[in-house]
Amino acid sequence: MGSIDEVIIGRQGSAGFIRLNRPQALNSLTLPMIRVIASALTDFAADPSITSVIIRGEGDRAFCAGGDIRLLHESGKRGSADAETFWREEFRLNHAIARYPKPYVALMDGITMGGGVGLSSHGSHRVVTERTKLAMPETGIGYFPDVGATWLLPRAPGEAGTWMGLTGLAIHAADAIHAQLADHFVASSDLSALIEAIGALPVAASPADVHGVIAGMATAAGESRLAIHRDMIDRALAYDTVEDIQEALAREAGDFAAETLQIIGTRSPTSLKLTLRLLRAGRNSANLAECLDRELGACLRILYNPDFYEGVRAAVIDKDRNPKWSPASLAGVDDVAIDRFFVPAQPPLFAM
């Protein structure tokens with residue numbers, strides 16, 4: 001088991017410990033980081049002296065802000081295989097986390113977005129704090145929710161996941177718990193004590209024992225905005241076309257519906273249509289692996305989509321926050337254009 005500067009691997013008593021160590025980059029993921037995490041999880045699973053695994057981010061700003069979007073952008077521009085390699089290994093890691101044989105405790109303290117959701121919300125024990133800001137913001141950069149989000153979001157109550165996927169807006173702790181992307185709220189000031197308590201469990205401790213430690217330190221997360229507006233969200237976002245959703249939102253009263261409509265109007269039209277199709281397909285999928293395979297096919301096609309490069313330029317490179325989408329409207333995105341994103345990747349990630 002090895003560490004690199006950007007991921008520190010160790011242990012706290014009976015708990016294996018993974019610490020993302022790129023605070024200056026909000027702990028965003030690189031391919032070497034993914035490989036070290038995957039290797040550590042394999043080793044911890046085989047180690048009989050390890051009862052559970054804890055993963056957290058360094059610093060007080062972020063758990064993990066996502067994947068290294070610049071790498072993907074540059075790989076696509078060059079036509080290299082780096083982006084495909086990154087996605088394949090990241091998605092396999094997401095799948096391994098979802099199937100992990102020991103308690104996997106993700107401390108989602110601070111910004112938890114994109115790939116950070118993949119590292120945490122597939123886990124068995126997911127802890128949020130008062131600093132949590134969770135989002136799948138991809139429609140704002142000409143991309144779509146990946147890392148298995150097309151499995152997770154459709155399983156949120158009602159249409160909460162559709163709201164998250166289309167708007168890309170950040171939610172806080174209570175909303176994350178409502179959306180079933182997290183389980184417990186623990187104050188950030190108590191996380192060190194929580195890590196110590198989990199590590200102090202005997203090697204023979206059960207997953208229920210780990211749950212009991214977390215539940216014993218958890219407190220109420222407060223009121224969820226998504227829960228408060230659930231009736232409206234479920235009414236307006238139940239449609240299977242973005243155009244119908246926009247029309248439904250326009251009929252709704254209140255600031256929340258107006259804000260939702262306004263935000264959706266700023267997102268990439270291609271990304272919106274693709275995201276909704278993927279979320280609906282995910283709702284009808286048999287398992288996470290099926291969704292990850294579908295997402296990988298869409299990822300490979302996104303490298304040929306001008307909105308991806310324009311979105312990353314506006315958000316990450318030039319930072320003018322003023323992307324010029326192409327096509328600029330939903331009317332310009334036909335079904336054939338979206339169908340192209342559903343060509344399966346070869347070889348597939350998983351044998352079905």
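The values are calculated or read from the model by the stated rules, or taken from the named source; none is laboratory data. The shown structure was predicted, so the numbers you read here are calculated from the model rather than taken from an experiment. Backbone-built Cβ (ideal geometry, glycine too); neighbour counts: all protein chains shown. When the accessible area is computed, the model is the full protein with side chains, heavy atoms only, and any ligands, DNA or RNA have been set aside. Shrake-Rupley method; radii C 1.70, N 1.55, O 1.52, S 1.80 Å.
Any idea of the accessible area per residue across the chain, 1.4 Å probe, to the nearest Å²? Write down the numbers at each step before the final one.
Numbers: 13940 Å² over 352 residues.
That works out to 40 Å² for each residue.
Based on alpha-carbon positions alone, could you give the equivalent ellipsoid semi-axes of the chain from the gyration tensor, as √(5λ), descending, whole Å?
33, 24, 18
Say the dipole of the range 245-352 comes from +1 at the beta carbon of Lys and Arg and -1 at that of Asp and Glu; which of A286, S268, C299 then lies farthest toward its positive end?
After comparing all options, I get C299.
Summarise the accessible area of the chain (1.4 Å probe, protein heavy atoms) by the percent that is carbon and sulfur.
Working: 7210 of 13940 Å².
On the chain, the fraction of accessible area on carbon and sulfur atoms equals 52 percent.
Would you kindly calculate the translational diffusion coefficient of the range 102-241, applying Stokes-Einstein with the Kirkwood radius from alpha carbon pairs, for 4 °C and a viscosity of 1.567 mPa s, and quote it in µm² s⁻¹ without decimals? Walk me through the numbers before you get to the answer.
Details: Rh = 15.6 Å.
In µm²/s, the coefficient rounds to 83.
Relative to the Cα centre, what is the charge dipole magnitude of the range 232-352, using +1 at the beta carbon of each Lys and Arg, -1 at the beta carbon of each Asp and Glu, and rounding to the nearest 20 debye?
Computed charge dipole of the range 232-352: roughly 280 debye.
Once both labels are modelled 7 Å past Cα along the beta-carbon direction, what's the A286-V316 spacing in nm?
3.4
Which residue, A328, A65, A174, tops the fluctuation ranking in a GNM of the chain built on C-alpha contacts under 10 Å?
Fluctuation is largest for A328.
With r defined as the distance between the Cβ atoms of Q180 and T241 and R0 fixed at 25 Å, what FRET efficiency is calculated, to the nearest 0.05?
Values: r = 25 Å, r/R0 = 1.02.
It comes out at approximately 0.50.
Where does the Debye-calculated log10 I(q)/I(0) of the range 69-129 sit at q = 0.12, 0.23, 0.30 Å⁻¹, using only Cα point scatterers of equal weight, no solvent?
One equal scatterer on each Cα of the range 69-129 leads to -0.37, -0.90, -1.15.
I need the P(r) histogram for the range 265-313: all alpha carbon pairs, bin width 10 Å from 0 out to the longest distance, whole percents.
Here the calculated profile for the range 265-313 is 23, 50, 24, 3.
Tell me which residues come under 5 Å, amide H to amide H, from Q12 once H is placed; ignore anything under 5 positions away on its chain.
F17
Mind checking the angle between helix 207-217 and the chain's longest principal axis? C-alpha axes, 0 to 90 degrees, to the nearest 10.
So the inclination is approximately 80 degrees.
Mind telling me which of L330, L279, L134 comes out most flexible in a GNM of the chain, alpha-carbon contacts under 10 Å?
Taking springs between Cα atoms under 10 Å, the residue moving most is L330.
Under a straight-distance cross-link criterion of Cα-Cα below 28 Å, which lysines are reachable from K102, leaving out those fewer than 8 residues away in the same chain?
Leaving aside lysines fewer than 8 places away in the same chain, those within reach of K102 are K133.
How large is log10 I(q)/I(0) at q = 0.22, 0.26, 0.30 Å⁻¹ when the Debye formula is applied to the Cα atoms of the range 145-202, each weighted equally and without solvent?
After summing over all Cα pairs, the log10 values are -0.84, -1.00, -1.22.
Beyond 15 Å, how much of the Cα-Cα pair distribution for the range 98-171 remains, as a whole percent?
Details: 1448 of 2701 pairs.
Within the range 98-171, distances greater than 15 Å cover 54 percent of Cα pairs.
Evaluate the relative contact order of the range 237-324 (contact order divided by residue number), counting alpha-carbon pairs under 8 angstrom at least 6 apart; express in whole percent. Don't skip to the answer; put the middle values down first.
Values: 40 pairs, mean separation 15.9, N = 88.
Normalised by residue count, the contact order of the range 237-324 is 18 percent.
For the range 214-277, just the Cα set please: Rg and Dmax, both in angstrom.
15.0, 46
Among P23, Q246, A258, flag the residue with its Cα farthest along the positive direction of the charge dipole of the chain, charges on Cβ as +1 for Lys/Arg and -1 for Asp/Glu.
P23
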